[in-house]
1. Mind listing the phi-derived Karplus ³J(HN,Hα) values for segment 485-495, rounded to whole Hz, using 6.51, -1.76 and 1.60 with θ = phi - 60°, and x for any glycine or proline?
2. Can you pull the percent of the chain's accessible area that's carbon plus sulfur, 1.4 Å probe, other chains left in place?
3. Segment 58-83 to segment 447-502: how many Å between their Cα centroids?
4. Pairs LYS81/LYS308; LYS129/LYS335; LYS383/LYS492; LYS92/LYS502: which exceed 30 Å Cα-Cα?
5. Taking 0.36 nm per residue of separation and subtracting the Cα-Cα distance, what length does fully extending ARG254 through GLN78 add?
6. Just the Cα atoms of the chain, one point each, no solvent: what log10 I(q)/I(0) does Debye give at q = 0.07, 0.10, 0.11, 0.12 Å⁻¹?
7. How large are Rg and Dmax for segment 414-502 when calculated on the C-alpha trace, in angstrom?
8. Would you mind working out the accessible area per residue for the chain, using a 1.4 Å probe, and quoting it in Å²?
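The values are calculated or read from the model by the stated rules, or taken from the named source; none is laboratory data. Just so we're clear, the structure is a prediction, and the values are computed from it rather than from any experiment. Cβ coordinates were reconstructed from backbone atoms using ideal geometry, including for glycine residues, and neighbour counts include every protein chain displayed. With ligands, DNA and RNA removed, areas are computed over all heavy atoms of the protein, side chains included. Shrake-Rupley method; radii C 1.70, N 1.55, O 1.52, S 1.80 Å.
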Amino acid sequence: MIKTISLKNIEFAIREKPILKGISFKCTETERLCIFGENGAGKSTLLKILCGIVEQDAGLVEKQGHIRIEYVPQEFDQTFKDLTIGEYIKKKTGDVLLRKVFNFARDLGFDIEKHVDKSCVSLSGGQQKILVISTTLALSPDFILLDEPENHLDIVSRIELIRLLKEFKGGIIFISHDRLLIDALATKIGEIVAGKMYISEGDYDDYIERKMERIGGLQRAYDAETKRIKQLSSSIVILQQKALRGKEISAYRRAKEELDELKKAHKETSRPADKSTKVKFTTNTQGMHSGKILCKIASATFKYDDAKSRTFDNVNLDIRSGDKIAFIGRNGSGKSTFFKCLTKEMPLTEGEVSWGMNTSWAYFDQHAQFDPDAKAIDVVCKKLNMIDEEARTILGMMRFDSTRMMQDTKSLSGGERMRLRFAIVFGLKPDLIILDEPTNHIDEVTWEILLHACSTTKSSVLLVSHDYEFIEAFKPTVFWLINNQKIEPRHKDLNTLLEEIK
């Protein structure tokens, strides 16, 4: 008997706001289902319902056969933070699987065996994620539930994770926005939209094709409703006059009810847009230095006071206008430290960073916070020193409708807050935009918006990302590779460079 997990008409609400509205699907032990959707759609909640952490308001979770499920959350479970690595593994797997855990972790880029006495709380986010994934794989469950497993992993670790998951003998239900992972692993994709799930058999390209077909149907239905609203609005006055004279009262009531319902539906939603979001930034080229050096890094060396070795040594680089630079390296190699030295947040131990006269730069920080009670449009007006109309244009490019523009930032979804950060960085129109892991935790729409903004901006872009597909689509003019304390410009293809830093 094939082991199967089935969901039937799952419903769930948060503070009376419906999140999941009758979700149904099944997954067998031979399938790999990717749960997809915009941030805030309810994906993580659905996964927690599947493994019993959260109880649904209605509907059934059915398991056919004796099924062992292991769950890998987005972030490390803080109830285990005070355990050592060894204690964590023993608690999760016992003693007999220790060697398996070590082997999986080593494949993913973390030599756990050398750090077995370290506390879990002292580990980086990537090391914690590798620890959890390694213990999960060692247990060999019937199903693995993974909530954005790529988060905190560098690009090499992500590629190794794909290999290990492809070799796993069991069912996988996973949430991801990493297209390389989805394409390599998924046998079907379930997208959550407005609380409903739409299943597409096949890989990412198959999903996009089905989504376009579905959106086309929704667009036609929406346009037909718009036409009906205009017809009803034109006839309602005549019917009302007849009703006042005691004639055709029932026809007026029916038309009035239909008109009210259609208007309410149109107020709550908008015409469905396709997946590709056209973003066009009008870039101010004043202050740009076409083809000239914006920043020069000479003999740059950095060493933390308590460190045994240098983070990077004798680095010589320059950034020119028009450059699209992809900065790649393993987690912990020093990319973020280099950025802090580049922006002079931290002083170099040796060497110099020289910026061109009147050169401007903007740094994207995915953790930047906003006043929770400030409206999105007010944030843009204040940060970019612009009038209301200009701010609306910028936010419209980031797929904010007029309602969301006027909402407090605390009520925006995670994806919308990320788009707000992008609006500010790109809206500044600097000579150089520094993007430090902007692809973490972003949904499909935000991914497309960011890529289009990077591709069309006249600003130079310095990008750190562990998203293979994004780097490829970004089409760098040059790579910066950090490895063994050296940072060097490279013009080889991405796969060759990844082999170097394995």
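1. 6, 10, 10, 10, x, 9, 10, 7, 6, 4, 4
2. Carbon and sulfur together cover 48 percent of it.
3. 35 Å
4. Working: LYS81/LYS308 27 Å; LYS129/LYS335 20 Å; LYS383/LYS492 39 Å; LYS92/LYS502 28 Å.
Going by Cα-Cα distance, LYS383/LYS492 fall outside the 30 Å limit.
5. Once the chain is fully extended between ARG254 and GLN78, it gains 57.7 nm.
6. One equal scatterer on each Cα of the chain leads to -0.47, -0.90, -1.07, -1.23.
7. Gyration radius and largest Cα-Cα distance of segment 414-502: 13.8, 38 Å.
8. 49 Å²
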